[in-house]
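Contents: one structure, followed by commentary.
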Amino acid sequence: MTQKQNLLNLDREGLETFFTEMGEQPFRATQVLKWIHQMGVSDFELMTNLSKALRLRLVEVAEVCVPEIVYEEKSEDGTYKWVLELDGQNRIETVFIPENGRGTLCVSSQVGCALECTFCSTAQQGFNRNLSAAEIIGQVWVAVRALEGKANLSNVVMMGMGEPLLNFNNTVTSLHLMMDDFAYGLAKRRVTVSTSGVVPAMYRLAEVSDASLAVSLHAPNDELRSELVPLNKKYPIAELLEACKHYVKGEKRRKITFEYVMLSGINDSLEHAHELKRLLVDVPSKVNLIPFNPFPNTNYKRSSNSAIHRFTAVLKEAGLVTTTRKTRGDDIDAACGQLVGKVEDRTKRQLKRQQAQL
Ligand code: SAH
C-alpha cells in the first residue's frame, strides 16, 4: 500500500497541484484549506462542500495528520508550553505568550539544532532531523485549537528549536500557510523568521516570502560573534548585514530585528553598545535585547538590569529603536533558549559532552 499524502504538508499551490493531478478542479484547494486550517476539521467525511465521491477518494489517498500534545504546562504569567510527540522517538516544544489581547506563538523548525551557539540549551541537545511542513504548521493548528475561547493567536515567530533557514522548503511552505487568507491569514508583520545568519538562504527567502526577518546577532564584531555563534566563521558580519539590507530593500517601513542576548561581562559593555551602534547605522533596524536565560551546566550569567539600561541608552541615543524582551514562562522552562524537547541526538554531541565532563 502506498503511503497516504498528509495534506498538512501542502500549501495552497501544493494542494492545487494535488487536486489537478487527481483530475479535480484547483479550487478544491481553497475549500480544503479552509476545512483543515480554519475549521480544524481533519475528517474528510465532514467536508460537506466536496462531492461524496471526492470525499471517498480522499479517505483512500490522503490524511490530515497533526502532532499530538503529550502535555501542556501553563506558567504563572499565562505562557503556555506544549510538548508535542512526533514519531515515538522525538518531541518538540511550542510556546504561546499572551499579551494584552494578542498572543505570540513560538514555533520550532527542527528536532534539536545543528548549530552550536554556546549560550543556547537547544544546542546542547544535538540534532536529529528537520521537521516536515506538517509538523511546523501542525504546531499552529494544535495551538489554535488548544487556545480556543481562551486567547487569541495573532503572531507567529519561528524562534523555537532549530534553525528555520536550514530547513528551507518546509519553513517556506509553513510561512505560506500562516499568511494565506484561506488558512491563518496573518499579516507579514505578524510572522517572523529568526535566523542565526544563513546568508545564502536569506537571499532565497527574499525571493519566495515576505515574512519579517529577525537575525540573531549577539555580538558587534566577528571575533566575539564567531565565539558565540560559530556559524559566523562561515558567514561573517559584513556579509550578514549585506543580506539584511537586501531583504528589506525597496520597502520603506521594513526593518530587520536584531536579537542580542545580554551576557554579563561578555557582550554587554558600553564599548560593545557603541560598536553595535556603528555597525547598524546604515541598516534599517530594530534591536531586541534578550536577557540571557540560564539552563543547567552553563557558565554564562544574565546581564544586570543596570547594564541593560546603559546599553539601551547608547542605542536609543543613536536613534535605534531598542526594546528589551520580557522574560516569560521561565518557571516552566519555556523562555528563549530553554526549549529542549526530547531529541534523539544523531550528532553524538551529548555523548561527547558527557565524556568531556568525566
Ligand atoms: N536558530 C534561530 C532560531 C532560534 S530563535 C536563531 O538563531 O535565530 C531563539 C532566539 O533565542 C535566538 O535569538 C537565540 O539566539 C536566543 N537564545 C538562545 N538561547 C538563549 C538563552 N539561553 N537566553 C536568551 N536567549 C537565547
* Asked: Any residue in the stretch 6-15 that is in contact with a strand residue (DSSP E or B) (Cβ under 7 Å, 6 or more places away or on another chain) and aliphatic (A, V, I, L, M)?
  -> yes
* For the stretch 105-153, enumerate the residues that are without any contact (Cβ under 8 Å) to a residue 40 or more places away in the chain and of a type in the set (Val, Ile, Thr). => 136
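Report yes if some residue within the stretch 40-54 is charged (D, E, K, R) and within 25 Å of the chain's Cα centre (by Cα); otherwise report no.
Taking the stretch 40-54 and keeping what is charged (D, E, K, R), we get 43, 45, 52.
Of the ones still in play, those that are also within 25 Å of the chain's Cα centre (by Cα) are none.
No, there is no match, as no residue in the stretch 40-54 is charged (D, E, K, R) and within 25 Å of the chain's Cα centre (by Cα).
On the basis of being farther than 24 Å from residue 167 by Cβ, within 19 Å of the chain's Cα centre (by Cα), away from the ligand (no atom under 13 Å from the Cβ) and modelled with pLDDT of 95 or more, does residue 245 make the cut?
Working: farther than 24 Å from residue 167 by Cβ: yes; within 19 Å of the chain's Cα centre (by Cα): no; away from the ligand (no atom under 13 Å from the Cβ): yes; modelled with pLDDT of 95 or more: yes.
No: the conditions fail for residue 245.
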* Mind checking whether some residue in the stretch 289-302 is at pLDDT 95 or above, in a loop (DSSP other than H, G, I, E, B), in contact with a helix residue (DSSP H, G or I) (Cβ under 7 Å, 6 or more places away or on another chain) and of a type outside the set (A, V, I, L, M, F, W, C)? -> no
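Looking at the stretch 185-196, which of the residues that are within 16 Å of the ligand (Cβ to nearest atom) and not polar (S, T, N, Q) is surrounded by the most Cβ atoms within 10 Å (Cβ to Cβ)?
Looking only at the stretch 185-196, we keep the residues that are within 16 Å of the ligand (Cβ to nearest atom), and these are 191-196.
With the extra rule that they be not polar (S, T, N, Q), the set shrinks to 191, 193.
Values: 191: 21, 193: 25.
Within the stretch 185-196, the match that is surrounded by the most Cβ atoms within 10 Å (Cβ to Cβ) is 193.
Does residue 148 qualify as being in contact with a strand residue (DSSP E or B) (Cβ under 9 Å, 6 or more places away or on another chain) and under 25 Å from residue 74 (Cα atoms)? Even if it seems obvious, please write down each step before you answer.
Values: in contact with a strand residue (DSSP E or B) (Cβ under 9 Å, 6 or more places away or on another chain): no; under 25 Å from residue 74 (Cα atoms): yes.
Here the answer is no, as residue 148 does not meet what is asked.
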* Asked: Scanning for something surrounded by 14 or more Cβ atoms within 10 Å (Cβ to Cβ) and free of Cβ contacts under 8 Å to residues at least 12 places away in the same chain, does the stretch 25-36 turn up at least one residue?
  -> yes
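Give the stretch 98-116 a look and list any residue that's surrounded by fewer than 22 Cβ atoms within 10 Å (Cβ to Cβ) and either modelled with pLDDT of 90 or more or charged (D, E, K, R) (or both), or say none. Working first, answer last.
To start, the set of residues in the stretch 98-116 that are surrounded by fewer than 22 Cβ atoms within 10 Å (Cβ to Cβ) comprises 98-104, 114-116.
Result: 98, 99, 102, 103, 104, 114, 115, 116.
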* Asked: Quick one: is residue 171 of a type in the set (S, T, N, Q) and in contact (Cβ under 8 Å) with a residue 60 or more places away in the chain?
  -> yes
* **Of all residues making up the stretch 199-219, the number that are buried (at least 21 other Cβ atoms within 10 Å of the Cβ), at negative phi and in a loop (DSSP other than H, G, I, E, B)** => 3
* Among (1) more than 17 Å from residue 165 (Cβ to Cβ); (2) touching a residue at least 12 places away in the same chain (Cβ under 8 Å); (3) touching a helix residue (DSSP H, G or I) at 6+ places or on another chain (Cβ under 7 Å) - the single one residue 190 does not satisfy -> (3)
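Condition first: in contact (Cβ under 8 Å) with a residue 12 or more places away in the chain and out of contact with any strand residue (DSSP E or B) (no Cβ under 6 Å at 6 or more places or on another chain). Can you find one or more residues in the stretch 90-97 that meet it?
No, because not a single residue in the stretch 90-97 is in contact (Cβ under 8 Å) with a residue 12 or more places away in the chain and out of contact with any strand residue (DSSP E or B) (no Cβ under 6 Å at 6 or more places or on another chain).
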* Asked: Within the stretch 88-95, can one find any residue that is out of contact with any Phe, Trp or Tyr (no Cβ under 9 Å at 6 or more places or on another chain), over 23 Å from residue 2 (Cα atoms), part of a strand (DSSP E or B) and not aliphatic (A, V, I, L, M)?
  -> yes
* Structure fact -> Out of (1) outside the structural domain of residue 152 (by TED's automatic domain parsing); (2) out of contact with any Phe, Trp or Tyr (no Cβ under 8 Å at 6 or more places or on another chain); (3) free of Cβ contacts under 8 Å to residues at least 24 places away in the same chain, the one residue 41 does not meet is (2)
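For the stretch 263-274, indicate whether the set of residues that are part of a strand (DSSP E or B), modelled with pLDDT of 95 or more, within 27 Å of residue 105 (Cβ to Cβ) and within 12 Å of the ligand (Cβ to nearest atom) is non-empty. Break it down into steps so the answer makes sense when it comes.
Within the stretch 263-274, the first condition is being part of a strand (DSSP E or B), and the residues that meet it are 263.
Okay, now just the ones that are also modelled with pLDDT of 95 or more, so 263.
Then keep just the ones that are within 27 Å of residue 105 (Cβ to Cβ); that gives 263.
Narrowing the set further to residues that are within 12 Å of the ligand (Cβ to nearest atom) leaves 263.
Yes, the conditions are met somewhere in the stretch 263-274.
The values are calculated or read from the model by the stated rules, or taken from the named source; none is laboratory data. Only a predicted model underlies this, so the values are computations on that prediction, with no experimental measurement involved. With ideal geometry, Cβ positions are generated from the backbone for all residues, glycine too; neighbour counts draw on all protein chains shown.
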